[in-house]
Amino acid sequence: MARAPESLELNTNVVADKALDRDCTTLSRHVLQQLQSFSPQAQDLSALMNRIALAGKLIARRLSHAGLMEGVLGFTGDVNVQGESVKKMDVYANDVFISVFKQSGLVCRLASEEMEKPYYIPENCPIGRYTLLYDPIDGPSNTDTNLSLGSIFSIRQQEGSDLNGEAADLLASGRHQLAAGYILYGPSTMLVYTIGRGVHSFTLDPSLGEFILTEENIRIPEHGPVYSVNEGNFWQWDESIREYVRYVHRTEGYTARYSGAMVSDIHRILLQGGVFLYPGTLPKPEGKLRLLYESAPLAFVIEQAGGRATTGHMDILEVVAKKLHQRTPLIIGSPKNVAKVESFIQNGH
Ligand code: FDP
């Protein structure tokens, strides 16, 4: 058999090596590469991301079988601290995040949309230096119709001893986040994260059970065509937001996309550009989204990708929470789109 010329053989090997190297770039390895260190903090962050990935895999598995199992979909009949009806998947996903951090020695406290007060894992507390803030299921109205959903996470270093169990140190700005990101349960399951060194995406390879690197150092477009907002709230918004939406209606090049799950809408915007808005309404000036475990982690991701996130008056990452479940208006996405919305809010045009 004739042999391929040597240069071609070499080339094929380089391509194969590259593909193999990429297949071996798992999430935990990527975190260590990012930090270029095996220091205790680098090891901790890598282990934390690994546990979050496990939570994502468990939730993805349950979602993919939901239509085949009893008692997975629908409401529990309870109402959470936010006054919202709780779905069975919310409870499952909330418990998954707690379970994956048991016996980890990493996370002493977890705080989520589903729990009025932070949850302590006593066996981790003497050593667990980190707190996980999370929204276990973002967009639960999509759960029962097999549409995209998300989980949002944020990791903060515990500051102080928290002897009274009030977790008061969590009421600090989003600049205190060590890591943040989201898991998107779509046609494939993706994990997007930042530790303050760019934004990186991973796709779950179900045959390996591993999140494998998809794209490193994602940059959001400066401007994009999408505006993503629930226009059903039109008459409850302030006039400045109504004027902005009238502006996009009459300006060529805009298109509306709104899925009911902010993670999937913001993921689209991260890759293709545009703006997502959940403004305050006249009866609820603070809007709907929670600062600490929804808006701030997504703001960290989008800022790291070159985008912006604001309340309309200040950067989301500068807002200091007054309470754990504080809500905030959110305008997030490509810098030019966000600036345009801001200009309507601040100057009326
Ligand atoms: P949900 O109420 O289903 O939890 O997290 C809040 C959020 O979902 C976002 O994911 C979503 O974009 C938005 O609220 C949907 O709210 P509206 O139905 O009020 O538009």
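Other residues whose C-beta falls under 9 angstrom from the C-beta of G348 contribute a net charge of -2, scoring Lys and Arg +1 and Asp and Glu -1. Cα extents for the range 262-306 along the principal axes, largest to smallest and rounded to whole angstrom: 33, 20, 16.
Can you tell me the order of 262-272, 236-246 when each peptide is scored by its average per-residue count of other Cβ atoms within 10 angstrom, highest first?
Top to bottom by mean Cβ count within 10 Å: 262-272, 236-246.
Just reorder C24, C125 by solvent-accessible area, largest first, 1.4 Å probe, all chains present.
On the way: C24 65, C125 40 Å².
Putting C24, C125 in descending order of accessible area: C24, C125.
For the chain, C24 have no disulfide-compatible partner, since no other Cys C-beta lies under 4.7 Å from theirs.
Among 221-228, 210-217, 326-333, how do they line up from the highest to the lowest mean number of other beta-carbon atoms within 10 Å? Walk me through the numbers before you get to the answer.
Numbers: 221-228: 19.6, 210-217: 16.9, 326-333: 24.9.
Final packing ranking: 326-333, 221-228, 210-217.
Taking all protein chains as shown and a probe of 1.4 angstrom, S173 keeps an accessible surface of around 20 Å². For V301, the accessible area of its heavy atoms, probed at 1.4 Å with every protein chain present, is near 0 square angstrom.
Given axes a ≥ b ≥ c from the Cα gyration tensor, I'd like to know whether the range 235-295 is rounded (a/c under 1.5), prolate (a/b larger than b/c) or oblate. Intermediate results must be reported in sequence, preceding the final value.
Working: a/c = 2.52, a/b = 1.04, b/c = 2.43.
Because a/c hits 1.5 or more and a/b fails to exceed b/c, the range 235-295 counts as oblate.
Rolling a 1.4 angstrom probe over the protein heavy atoms with all chains in place gives the range 140-244 an accessible area of 43 Å² per residue. Taking packing as the residue-averaged number of other Cβ atoms within 10 angstrom, the listed peptides 339-348, 127-136 run from highest to lowest as 127-136, 339-348. Under 16 Å from a label point 7 Å along Cα→Cβ of M115: give me every residue in the range 39-76 with its amide N that close. Label zone hits: 52, 55. Computed from the Kirkwood radius of its Cα pairs, the Stokes-Einstein diffusion coefficient for the range 1-133 at 25 °C and 0.890 mPa s stands at 135 µm²/s.
Note on surface exposure: D90, D315 rank D315, D90 by accessible area, highest first, 1.4 Å probe. For the chain, carbon and sulfur atoms together expose 52% of the accessible surface, with a 1.4 angstrom probe and every protein chain in place.
Once you have a ≥ b ≥ c as the square roots of the Cα gyration tensor eigenvalues for the range 112-190, tell me rounded if a/c is under 1.5, and otherwise prolate or oblate according to whether a/b is larger than b/c. Don't skip to the answer; put the middle values down first.
Details: a/c = 2.53, a/b = 2.12, b/c = 1.19.
Because a/c hits 1.5 or more and a/b exceeds b/c, the range 112-190 counts as prolate.
Note on H349: accessible area approximately 120 square angstrom, rounded to 10, probe 1.4 Å, nucleic acids and ligands left out.
In straight-distance terms, cross-link reach from K288 covers every one of the lysines whose alpha-carbon lies under 17 Å from its own, apart from those fewer than eight places away in the same chain; here that gives K322, K323.
What's the Cα-based Rg to Rh of the range 210-318, Rh via Kirkwood?
Details: Rg = 14.4 Å, Rh = 14.9 Å.
Taking Rg over the Kirkwood Rh, I get 0.97.
For the chain, the pair-distance distribution built from all alpha carbon pairs, in bins 10 Å wide starting at 0, is 5, 24, 33, 23, 10, 3, 1, 0 percent.
The values are calculated or read from the model by the stated rules, or taken from the named source; none is laboratory data. Keep in mind that this is a model prediction, so the values were computed, not measured. Methodologically, a virtual Cβ is constructed for each residue, glycine included, from the backbone with ideal geometry; neighbour enumeration extends over all protein chains shown. With ligands, DNA and RNA removed, areas are computed over all heavy atoms of the protein, side chains included. Shrake-Rupley method; radii C 1.70, N 1.55, O 1.52, S 1.80 Å.
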